[in-house]
Each structure stands twice: as C-alpha cells, then as structure tokens.
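Presented below is the structure to which this report refers.
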Amino acid sequence: MARKELAATGAMKELMATYFRDLGEAAEKHTAPVAWCTSVGPAELLRALGFRVYFPENHGALLGATRRANAYLPRTHALGYSPDICSYLCSDIGAYLAGETPLDRFGLERVPRADVLVFNTNQCGEVRDWFEFYGREWDVPVVGLVSPRSVGEVSPRIVDDVAGQLEDLVPALEAVAGTALDAGRLERTVGLSRECTDLWREVLETAAHRPAPMSFFDGCIQMGPAVVLRGTGEACVYYRTLLAELEERNGAGVAAVEGERFRLYWDGMPIWGKLRDLSNLFARFHTSVVASTYCNSWIFEALDPADPFRSMARASVELFIARAEGPKECVIEAMAARYGVDGILFHDARTCPHNSNTRYGMPGRLRRRLGIPVLTIDGDLNDLRCYSEEQSRTSIEGFIEQLAEG
Ligand code: SF4
C-alpha cells in the first residue's frame with residue numbers, strides 16, 4: 001500500500017527544473033552572479049543583491065534520494081575527510097570529484113560554480129568546512145555568519161550580534177555582485193520570504209486534520225521551493241496551489257494514508273534513500289507521520305520586511321536546530337499536542353549529531369513528560385551503510401503493535 005500522491009507535485013517539479021536550469025545558465029553564461037548558501041543562511045540578502053542562489057544541502061539530499069550518495073563518499077574520505085562527518089558534505093564533494101551530478105537531468109553538466117560561498121553556522125560548523133573546500137578549489141571568497149548554537153533564551157544581545165554580522169557581510173557581497181544593496185529590494189525579498197514561510201506553515205498545518213491530507217514523506221518532497229526559492233514570488237504561487245489541494249482533501253476527508261489509524265511525529269533528518277520504502281511501510285500499518293522537526297525548520301516566523309537585518313538575525317537564532325534541549329523539548333511537546341500524535345519517532349543520524357536529538361536523553365524525557373511511546377531508529381541522511389532495513393522494520397512494526405495495544 002502506498003500513500004496517496006498529491007496532484008500539485010507535477011507543478012513543483014517543473015518549478016524546481018526551471019530554477020536549476022536558470023542557475024546552470026547563470027553559471028555557464030555569466031548572466032548573473034552565483035552564490036552558494038547554506039539552507040538556513042542569508043538567502044534574502046543574496047537575492048536582493050541579484051545573486052542566483054544555490055543550496056548544496058539540497059544537492060546532498062538529491063544525491064541521497066537518488067541513492068547515488070554511497071558511490072561518492074569514499075572519494076571524499078580518501079581526501080582525509082572522516083567517515084563520521086556529514087554525509088551530505090562527503091557525498092557532495094565526492095560527486096564533484098567524480099565530475100557527476102543528478103542535476104544532469106536539468107541539463108547541468110556540473111554543479112553551478114560559485115562566485116561567493118556564504119555559510120551560517122546556526123545549523124552546524126561543518127557547512128563552513130564544506131564551503132571552504134570549494135573556496136580553495138575555485139579561489140573564490142567564503143564568508144558567513146558565526147551564529148550561536150545551544151541557544152536558551154533568544155536575547156536581544158544575541159540577535160544584535162548576528163544582525164551586526166549580517167550588515168558586515170554587505171560590502172563583501174556587493175563587491176562580488178558588482179552592485180549596491182537596494183534597501184527597498186531587500187524589504188521586498190524579505191516580505192516574499194515571509195509570505196512563503198507563512199504559506200509553508202499553513203501547508204504543514206493541514207496535517208493537524210484527521211485524517212491528515214499529507215505526511216512527512218510528502219513534506220520532504222514539497223519543501224523544495226521553501227528551501228531553494230524563498231524570497232521569490234514563484235514559491236508563493238506554488239504553495240497557494242498546494243494549499244488549495246490540501247484544503248480540498250480536508251474538506252472531502254481524503255487521507256494521505258488510507259484508513260489512518262495512528263499518527264506519529266518524526267524528529268531528525270530524513271533517510272533520503274529510504275523515503276519511499278518507509279512511506280510504504282507506515283502506510284501498510286495505516287500509520288501517518290503527520291509532523292516533523294525537519295519540515296518545520298523552514299518556517300521563519302521572525303522575518304519582517306520592516307526590519308530586515310534584525311528579523312533575519314532573529315530567524316537565524318530561533319532556528320530549532322540551534323536551540324538548547326529545553327526549548328527544543330517545548331517545541332516538540334507543542335507539536336505533539338497540536339497534531340494529536342500517538343507516538344514520536346527519533347532518527348539518530350550517524351553523521352549528523354547536530355540534528356539528532358537522541359544523544360542527551362531527550363527521548364526518555366519526552367516519553368515520561370508526554371506519556372506516549374517513543375522509538376529511536378539508527379540511520380543516516382545519506383550514508384545507507386548506517387541503516388539496517390531489517391532492524392528498522394522490526395523496530396517500527398513492534399512500535400506500532402505497542403500503539404495498537406494502547
Ligand atoms: S546540519 Fe547535519 S546534515 Fe546539515 S550540513 Fe550540518 S552535519 Fe550536514
């Protein structure tokens with residue numbers, strides 16, 4: 001049994017294809033400067049300066065989803081990068097060294113060469129090392145934000161610091177872009193990003209309905225425009241279409257998972273090479289994964305066009321992955337209540353300790369606090385050697401039996 005596919009997906013694939021073709025053309029024909037940006041980096045600032053913005057983590061996810069990642073990891077490990085570090089980083093660099101990319105389906109022979117690489121350490125420090133590889137390779141500038149992690153209270157002092165760093169980036173980026181930052185254009189871009197974020201939140205919140213019209217596995221696919229096209233009108237147009245379809249499903253009582261019996265929350269990274277298998281496995285047990293930390297990470301409610309720099313800084317600091325255990329637990333507790341979940345599944349991703357919330361006792365604390373079953377499965381975002389199909393299936397089946405016993 002499979003979950004019910006969304007009709008809007010065709011339009012989303014077309015939108016993503018246009019985005020990649022445009023990027024490829026900008027890099028090959030120099031029609032616009034190209035910036036690489038971490039997934040929750042200052043994309044709005046880059047777009048306002050006229051850059052075409054490329055997100056290598058999205059490329060990492062594509063390598064995982066197409067199950068090509070494992071073929072490339074050894075090349076990067078042979079360069080002295082540890083097998084324990086981010087498998088997005090290692091598969092992406094390995095693919096570059098092999099001269100291959102899944103973007104070839106959009107006519108790109110190679111990843112778009114950057115004119116500048118812009119990181120934000122709010123998610124992890126590994127993105128800086130990742131970007132510095134390409135900075136050395138192409139002899140182009142690598143700049144970024146050193147945004148704090150393990151943040152408890154989001155104080156004005158922390159926000160001021162990151163806002164100051166953002167402002168300090170402007171001259172270096174203007175020099176590469178060959179143009180001055182236009183304040184009005186930045187405000188409009190932040191406004192579009194906020195609109196995209198609000199629509200994405202509404203899309204995800206449709207799954208609070210019983211039965212849920214979409215699942216985490218749909219979210220992993222549908223989030224593409226929110227990641228790579230925030231700050232553009234096209235992303236907003238797409239999410240209005242998707243939202244209309246989901247609301248129609250809710251009106252008609254159409255479920256993503258037929259006969260929805262149980263509802264789960266997914267914490268941690270997706271296992272990209274196993275999305276379909278896991279989706280089918282849960283569907284077989286009439287279980288819908290209705291909410292996740294991962295998909296929600298592209299909701300930036302702080303963004304405010306009237307105060308672009310400080311609001312971008314606040315969004316960076318408030319990011320779930322950048323928070324301390326206490327605030328993270330409060331977020332998951334609120335999500336569990338809002339979506340009415342019967343249990344929580346934690347994915348412990350071997351090469352991403354930053355987005356694995358299993359290592360300091362959180363699953364046990366939440367089990368006791370919420371009084372619902374919690375399961376941890378071992379795996380990885382891209383390195384499928386860390387994932388045991390057999391063991392995970394047995395654990396998930398046992399977990400669902402536990403839910404059935406009440
Ligand atoms: S947060 Fe995790 S998956 Fe993302 S770049 Fe950092 S180590 Fe890799």
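The values are calculated or read from the model by the stated rules, or taken from the named source; none is laboratory data. Everything numeric here is computed off the predicted structure, so don't read it as measured data. So basically every Cβ, Gly included, is an ideal-geometry build from the backbone, and we count neighbours across all protein chains shown.
Scan the stretch 206-219 and give yes if some residue there is crowded, with 21+ Cβ neighbours inside 10 Å, outside the structural domain of residue 41 (by TED's automatic domain parsing) and on the phi > 0 side of the Ramachandran plot, otherwise no. The answer is no, given that none of the residues of the stretch 206-219 is crowded, with 21+ Cβ neighbours inside 10 Å, outside the structural domain of residue 41 (by TED's automatic domain parsing) and on the phi > 0 side of the Ramachandran plot. In the set (1) over 21 Å from the mean Cα position of the chain (by Cα); (2) touching a residue at least 60 places away in the same chain (Cβ under 8 Å), the condition left unmet by residue 103 is number (1).
Out of the residues in the stretch 69-106 that are closer than 23 Å to residue 140 by Cβ, in contact with a helix residue (DSSP H, G or I) (Cβ under 7 Å, 6 or more places away or on another chain) and assigned to a loop (DSSP other than H, G, I, E, B), which is farthest from the ligand (Cβ to nearest atom)? Step by step, filter the stretch 69-106, then rank; the result is 101. Of the numbered criteria (1) over 19 Å from residue 198 (Cβ atoms); (2) within 14 Å of the ligand (Cβ to nearest atom); (3) of a type in the set (S, T, N, Q), the one residue 376 fails is (2). If you go through the stretch 327-339 one residue at a time, do you hit one that is within 16 Å of the ligand (Cβ to nearest atom), outside the structural domain of residue 87 (by TED's automatic domain parsing) and touching a residue at least 40 places away in the same chain (Cβ under 8 Å)? Looking for residues that are within 16 Å of the ligand (Cβ to nearest atom), outside the structural domain of residue 87 (by TED's automatic domain parsing) and touching a residue at least 40 places away in the same chain (Cβ under 8 Å), one finds none in the stretch 327-339, hence no. Going residue by residue through the stretch 45-58, is there one that turns out to be touching a Ser or Thr at 6+ places or on another chain (Cβ under 6 Å) and within 17 Å of residue 128 (Cα to Cα)? Taking every residue of the stretch 45-58 in turn, at least one turns out to be touching a Ser or Thr at 6+ places or on another chain (Cβ under 6 Å) and within 17 Å of residue 128 (Cα to Cα). Among the residues making up the stretch 379-406, those that are assigned to a loop (DSSP other than H, G, I, E, B) and more than 16 Å from the ligand (Cβ to nearest atom) are 388, 406. A single member of 20, 55 is of a type in the set (A, V, I, L, M, F, W, C) and more than 14 Å from the ligand (Cβ to nearest atom), and it is 20.
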